[in-house]
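The values are calculated or read from the model by the stated rules, or taken from the named source; none is laboratory data. Remember, predicted model here, so these are calculated numbers, not experimental data. Glycine gets a Cβ as well: all are built from the backbone with ideal geometry, and neighbour counts include every protein chain shown.
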Amino acid sequence: MSHDLLRRHDAFGDLLDKMNASLMQAPAFGADVKSDVVEKDDHYEVVADIPGVDKEDIKVDYEDGTLQISATRHEIKDHSDKDGNILQSERSFGSVGRSYYLPNVDREKVSAKYKSGVLHITLPKAEVAKKSAITIED
């Protein structure tokens, strides 16, 4: 009961404590993929930042109008010395992913390039049948 008397009654301080606790629980290897999506007349362009991941560990798929990007960064080698000492270790590993609804894409013509931690995806739009009036015969 005496511990209750020692508690701080500071709404702002309590809010900061809660925010710090939630930051500590956040996934270390990016919670999401940061990206830009542009629509042109004949295609979509997606540029996504996925630093520190090997090309072989990135998966891009398009199905049912949805582009899906997923990536995995594998566990990082321990860089401590022979006694197990390390001053600081902030690099992390895990998986990230992102989905985008981009309708009317010609799946067979989708292309992707990955260089310097940036993934570029071009999604050509499928040919759409043009609407035309139907003539009614006598």
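Condition test on Ala28, is it modelled with pLDDT under 65, surrounded by 11 or more Cβ atoms within 10 Å (Cβ to Cβ) and outside any strand (DSSP E or B)?
For Ala28, the condition - modelled with pLDDT under 65, surrounded by 11 or more Cβ atoms within 10 Å (Cβ to Cβ) and outside any strand (DSSP E or B) - is met.
Six or more apart or on different chains, Cβ under 6 Å: which pairs go from a residue in the stretch 30-59 that's at positive phi to one that's assigned to a strand (DSSP E or B)? Could you list them?
Final answer for the pair search is Gly30/Val96; Gly52/Arg73.
Conditions (1) under 15 Å from the mean Cα position of the chain (by Cα); (2) not basic (Lys, Arg), marked per residue:
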position	(1), (2)
Tyr44	no, yes
Asp49	yes, yes
His74	no, yes
Lys109	no, no
Ile136	no, yes
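Mind checking whether some residue in the stretch 6-14 is in a helix (DSSP H, G or I), of a type in the set (Asp, Glu) and modelled with pLDDT under 65?
Checked against the condition, which is being in a helix (DSSP H, G or I), of a type in the set (Asp, Glu) and modelled with pLDDT under 65, the stretch 6-14 yields no hits at all.
Looking for whichever is in a strand (DSSP E or B) and β-branched (Val, Ile, Thr) here; the options are Thr135, Thr122. Which one fits?
Only one candidate qualifies: Thr122.
What tally of residues in the stretch 36-58 results from selecting those that are of a type in the set (Asp, Glu), over 14 Å from Val105 (Cα atoms) and in a loop (DSSP other than H, G, I, E, B)?
The total comes to 1.
Would you mind stating whether Lys115 is free of Cβ contacts under 8 Å to residues at least 40 places away in the same chain, charged (D, E, K, R) and surrounded by 10 or more Cβ atoms within 10 Å (Cβ to Cβ)?
So Lys115 does not fit the description; no.
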